[in-house]
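Reading through the structure tokens given below for one structure.
The values are calculated or read from the model by the stated rules, or taken from the named source; none is laboratory data. All values derive from a computational prediction rather than experimental measurement. Methodologically, a virtual Cβ is constructed for each residue, glycine included, from the backbone with ideal geometry; neighbour enumeration extends over all protein chains shown. Side chains are part of the model used for accessible areas, which takes the heavy atoms of the whole protein and leaves out ligands, DNA and RNA. Shrake-Rupley method; radii C 1.70, N 1.55, O 1.52, S 1.80 Å.
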There are 2 protein chains.
Amino acid sequence: MARPQRRTVRDIRRGNRAVLLRALYFSGPTSRNDLTARTGLSAATVSTMTADLLGENIVVEAGQVESDGGRPRVLLRVNPEYGFAVGVDVAETHVRVGLFDLEMTERAKVDYMLRPARHDPELIARHILAGVEVVLSDAGVSPEQVLGIGVGVPGIVEPGADGVIHATTFGWDGVPLGALLRRGTSLPLYVDNGAKTMGQAELWFGSGRGASEAVIVLLGVGVGATIVADGTTFRGVSSSAGEWGHTKIVANGRPCRCGGRGCLEAYIGIEAILDRAGVTSRGDWEEDLAGVLASKSPVVEETVTYLGVGLANLVNLVNPEKIVIGGWVGVQLGESLLPDIRRATAANSLAEPYAATSIVLGRLGPDAVALGAATLVLEEFLNAPQVARITAAG
Amino acid sequence: MARPQRRTVRDIRRGNRAVLLRALYFSGPTSRNDLTARTGLSAATVSTMTADLLGENIVVEAGQVESDGGRPRVLLRVNPEYGFAVGVDVAETHVRVGLFDLEMTERAKVDYMLRPARHDPELIARHILAGVEVVLSDAGVSPEQVLGIGVGVPGIVEPGADGVIHATTFGWDGVPLGALLRRGTSLPLYVDNGAKTMGQAELWFGSGRGASEAVIVLLGVGVGATIVADGTTFRGVSSSAGEWGHTKIVANGRPCRCGGRGCLEAYIGIEAILDRAGVTSRGDWEEDLAGVLASKSPVVEETVTYLGVGLANLVNLVNPEKIVIGGWVGVQLGESLLPDIRRATAANSLAEPYAATSIVLGRLGPDAVALGAATLVLEEFLNAPQVARITAAG
DNA sequence: CATCTTAGTTCAGAGGCGAAAACAAGCACC
DNA sequence: GGTGCTTGTTTTCGCCTCTGAACTAAGATG
């Protein structure tokens, strides 16, 4: 029942151009000849299309490589300075703004600390807008060169132009962050859930690279997941798909801060782990968690079991080829306990889907949220790179 | 990271043809004029394309309708007799083979009872092949008119041409049913999990009609789900996605026939319900369940709660616009308890995704498995209806 | 019967792709 | 250095698809 759209001959060009650009982007420096093989396009088409892209400065030459006996291949690659993307991570404790070139190399960044419980939407919007100006001037990039701004936020982001957010932890219920930002900038905006942007980052540049069906889970203060179907983030009807943390693993179990009972997050969220271990934190959760892990307390094993149950449910329901465990809690747990986590998952999932899944740790650090947010911009660029742009760089 | 394919001008035609045919199929009798509006194609294209389709007998005229003042519109529709599809339901107690025309009207059917525990693959394959011959001759349809055979089976079906099946309840572990059938017929074969074919049927012709993001759950002896993403069944990497019945809702809970503990199926599968109610069945499960429901035993409320938890997990994780409850247990429960089920689901899911979801009962009876299996053939036909076929009908 | 209205068809033109020919640029060898 | 060989890239040409516009079809109306 998929609803295909009508197509016209122009769409072909656009689509093939995206295919070509993606191949170029992900294969690194590549010759035209290789591109015909990789894309399946004819040499003629590759030739004319690369000529266009070179003319628009989207693609640049990148040296030559000799070919045994014949004319050397000219290597091409996407011009990393054709444009830039801003990635923003709005977290509980800080707002981070990063500027990335098209290769996703960070060119500048700036942090704004948030006083606890100070999550005024206006303030956050001001931080973001100020941050954008700062990173641009730090890196010497002009606004015209920026392809867009991606923002990762906690909570659920409604689909639509206003970027309306529901984030219980912030006390935000229906905050139109996108609209607030729109007042201060005319650049394209992409607002998405932070777990999803992190997932996007791991999918494109981290441990999930190349996977077409995957789940990237984020274990931190909150617990979330990004479900990737057919290579793209699965969003569901109102963009909240992947709320794994509040799926129930114990009917009528421990109370959760969401108001429910028995949520996964109520067992393996960092606060839950510490609580179950009887630790009263003095502020440094990472240290606290390390202490629990070192203690050989039964809480560790229980945590692994609960996580295994949660992961197994994903294995059964989603049947991914890869599960990436990210977030700082996830990585800290996984470093020592990955085999146990795998075992616990296997014990709770069906044999066939479990056999098809590999469970790995995330590779990107906590900056992945901002990187992933910038990747939203990159994705758009790779999908529809047709607007001719004027750049000073090159 | 979706990987688009290169396209050539020919693909446009194929794609637009599919768009047109789908519009024609789902809008019923439609004029060319309406089709231009519905498909977005130009009148010229619609004209030439419908001429082709009429010439191939895929589409036929279906009367006229006057248009105020001008030339009357000629109505067109898909020729229901252009081809036929066979749908097969392989269940624990029987094998059912149905023949459907393109409008999915059943033209003939035949049942083969299976003795309990008699699930020899060869036997089942023979039943299916014999059944195909029977329904064809009963309906007076020749094999050349059949577009394909869809088969719904229990258990997990590996992707690939051999249709390899893992069905614990049948004692099948790696049975290549597709290959077995291939020996006896040269018609196109589509083998899929029965819960998925039922889901497909509800999605196309039942309560799920028109939904793009949906979940169709099947409650019966087993418990399963079909996850629909962007209008198509989501299969995961090895085609086993949707194994909802063995997701855990009580870590370390009741033992399940799958060997695990705390599976949803161990609470709301029919055997589990009866067991929890202390009923020792004398064979008629439907009656037993009716008895339990009438008894006002606390088991009923518990069952609703467990189901609510299971559904809530789907709401949170998948964020569907619609959940369809199917399967005979599902319908029997839902008939009296749907409001309670909704309440239990709401209590265990996040507010935003719950608000976006409507929970409804399935509309199609137990025949939906075979119908859905036939729909696999129909789907293929609507996607790529390009092979010119010779038919006697029309 | 002339005119109006709406439906459907035909035709010319633009834009796309691919096959193959042509061109480019090295290497090897005499 | 010239000649042929090999491989990479560009150009040419034919075929295909879509669309807009002109055109034909068919009924209603007065």
Among the residues listed as A:Ala51, A:Ala130, A:Ala44, the single one being small (Gly, Ala, Ser) and more than 16 Å from DNA strand C (Cβ to nearest atom): A:Ala130
Residue list for the range B:251-276, restricted to those being open to solvent by less than 40 Å² (accessible area, probe 1.4 Å), more than 7 Å from every other protein chain (Cβ to nearest Cβ) and assigned to a loop (DSSP other than H, G, I, E, B): B:Gly253, B:Cys256, B:Gly262, B:Leu264, B:Gly269
Selected residue (criterion: nearest to DNA strand D (Cβ to nearest atom)) from residues of the range A:13-55 that are among the hydroxyl-bearing types (Ser, Thr, Tyr), in contact with a strand residue (DSSP E or B) (Cβ under 8 Å, 6 or more places away or on another chain) and closer than 24 Å to A:Gly210 by Cα: A:Ser31
Subset of the range A:25-51 (residues that are more than 30 Å from B:Thr39 (Cβ to Cβ) and in contact with a helix residue (DSSP H, G or I) (Cβ under 7 Å, 6 or more places away or on another chain)): A:Tyr25, A:Ser27, A:Thr30, A:Arg32, A:Leu35, A:Thr36, A:Arg38, A:Ala43, A:Val46, A:Ser47, A:Thr50
Residue check, A:Glu144 open to solvent by 50 Å² or more (accessible area, probe 1.4 Å) and within 20 Å of the chain's Cα centre (by Cα): no
Single residue of the range A:213-250 satisfying the filter (open to solvent by less than 20 Å² (accessible area, probe 1.4 Å), small (Gly, Ala, Ser) and part of a loop (DSSP other than H, G, I, E, B)) that is farthest from B:Asn313 (Cα to Cα): A:Gly231
Spans of helices (runs of 4 or more DSSP H) in the range A:326-392 with at least 2 residues open to solvent by less than 20 Å² (accessible area, probe 1.4 Å) and at pLDDT 95 or above: A:328-348, A:368-383
Exclusive hit being basic (Lys, Arg) and free of Cβ contacts under 8 Å to residues at least 60 places away in the same chain, set A:Arg96, A:Arg32: A:Arg32
The range A:163-178: number of residues that are more than 20 Å from the chain's Cα centre (by Cα) and either surrounded by 17 or more Cβ atoms within 10 Å (Cβ to Cβ) or closer than 15 Å to A:Val95 by Cβ (or both): 5
Qualifying positions in the range A:56-75 - more than 8 Å from DNA strand D (Cβ to nearest atom) and either in contact (Cβ under 8 Å) with a residue 12 or more places away in the chain or open to solvent by less than 70 Å² (accessible area, probe 1.4 Å) (or both): A:Glu56, A:Asn57, A:Ile58, A:Val59, A:Val60, A:Glu61, A:Ala62, A:Gly63, A:Val65
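For every residue, the table says whether it meets (1) among the hydrophobic types (A, V, I, L, M, F, W, C); (2) open to solvent by 60 Å² or more (accessible area, probe 1.4 Å); (3) touching a His at 6+ places or on another chain (Cβ under 6 Å).
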position: B:Gly87; (1), (2), (3): no, no, no
position: B:Glu92; (1), (2), (3): no, yes, no
position: B:Thr105; (1), (2), (3): no, yes, no
position: B:Arg115; (1), (2), (3): no, yes, no
position: B:Leu123; (1), (2), (3): yes, no, no
position: B:Arg126; (1), (2), (3): no, yes, no
position: B:Val135; (1), (2), (3): yes, no, no
Selection count where residues are crowded, with 24+ Cβ neighbours inside 10 Å and more than 8 Å from chain B (Cβ to nearest Cβ), scope the range A:193-212: 11
Any pair with Cβ under 9 angstrom, 6 or more apart, that starts in the range B:340-369 at a residue that is more than 13 Å from A:Glu243 (Cβ to Cβ) and ends at one that is part of a loop (DSSP other than H, G, I, E, B) and hydrophobic (A, V, I, L, M, F, W, C): B:Pro366/B:Ala91; B:Val369/B:Ala91
